[in-house]
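Reviewing the structure listed below.
We did not get these values from a lab; they are worked out from the coordinates using the rules stated. Nothing here was measured: the structure is a model prediction, and the numbers come from that model. Quick reminder, even Gly has a Cβ in these numbers, built from the backbone with ideal geometry, and neighbours come from all protein chains shown.
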Amino acid sequence: MAKILIIEPFYGGSHKQLLDTFLEQFHPAEYDLFTLTAKKWHWRSRIGALYFSETIPRDHHYRALFTSSVLNLAELIGLRPDLAQCRKIVYFHENQLNYPVREIKERDCQYGLNQIMTCLSADQIVFNSRYNMTSFLDNIKSFLNIAPDLKLKNLREKLEPRCEVLYFPIPFHMIPKRIFTKNE
């Protein structure tokens with residue numbers, strides 16, 4: 001009977017490395033892992049909640065839910081209110097509020113809004129760096145000011161107490177020795 005529900009809509013690259021390193025600390029009976037392959041992250045972000053809402057068993061005993069910020073946690077909880085009782089932890093590899101775009105007009109605001117809604121649905125928000133956390137919190141207000149006639153207030157104040165930095169784990173045993181030797 002699993003106690004931790006782990007969801008990763010983009011299981012590849014740094015997302016996979018983080019989870020693989022993280023899961024080394026647990027016995028497989030302590031968690032259930034639900035993933036999608038690492039391709040087309042835009043679609044993973046947009047449809048992941050719907051997919052996982054139909055894939056995660058309804059008969060469960062989860063007490064914690066861990067996911068990356070690719071998942072729209074608010075949508076998942078809306079579709080699966082039975083998961084709302086879990087302690088919800090979201091991990092940010094990057095954030096969409098300051099993700100570089102050529103022009104602000106090109107920005108697809110949906111991904112940033114998904115991340116804000118995810119944070120509002122989470123009990124704990126973990127960032128991979130102080131820069132990532134600060135840039136997210138600092139940009140909430142200006143990002144939401146894009147909306148033409150709605151001014152939302154105090155979101156940073158609501159989210160900041162839930163935030164912390166947990167630096168990305170580096171499994172040194174996986175680093176090739178050639179990196180530490182001088183090329184001559």
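Along its first, second and third principal axes, ordered by size, the stretch 1-79 spans 32, 28, 16 Å in Cα coordinates. Other residues with beta-carbon under 14 Å from the beta-carbon of residue 57 carry, at +1 per Lys or Arg and -1 per Asp or Glu, a net charge of -1.
Local charge for residue 119 was computed over the other residues whose Cβ lies under 15 Å away, with Lys and Arg +1 and Asp and Glu -1, and equals -1.
Inter-label distance, residue 85 to residue 25: 2.5 nm, where each label sits 7 Å from its Cα along the C-beta direction.
A simple spin-label model places the labels of residue 63 and residue 16 3.2 nm from each other, with each point 7 Å out along Cα-to-Cβ.
Loop-only check: which chymotrypsin sites (Phe, Trp or Tyr not before Pro) in the stretch 1-65 are DSSP coil with at most 14 other Cβ within 10 angstrom? When the chymotrypsin sites (Phe, Trp or Tyr not before Pro) of the stretch 1-65 are filtered for loop state and at most 14 Cβ neighbours within 10 Å, 26 remain. The spacing between the stretch 1-73 and the stretch 132-172, judged by their C-alpha centroids, is 22 Å.
Suppose every K and R has +1 on its Cβ and every D and E has -1 on its Cβ; what is the size of the dipole of the stretch 1-61 about the Cα centre, in Debye to the nearest 20?
Magnitude of the dipole: close to 380 debye.
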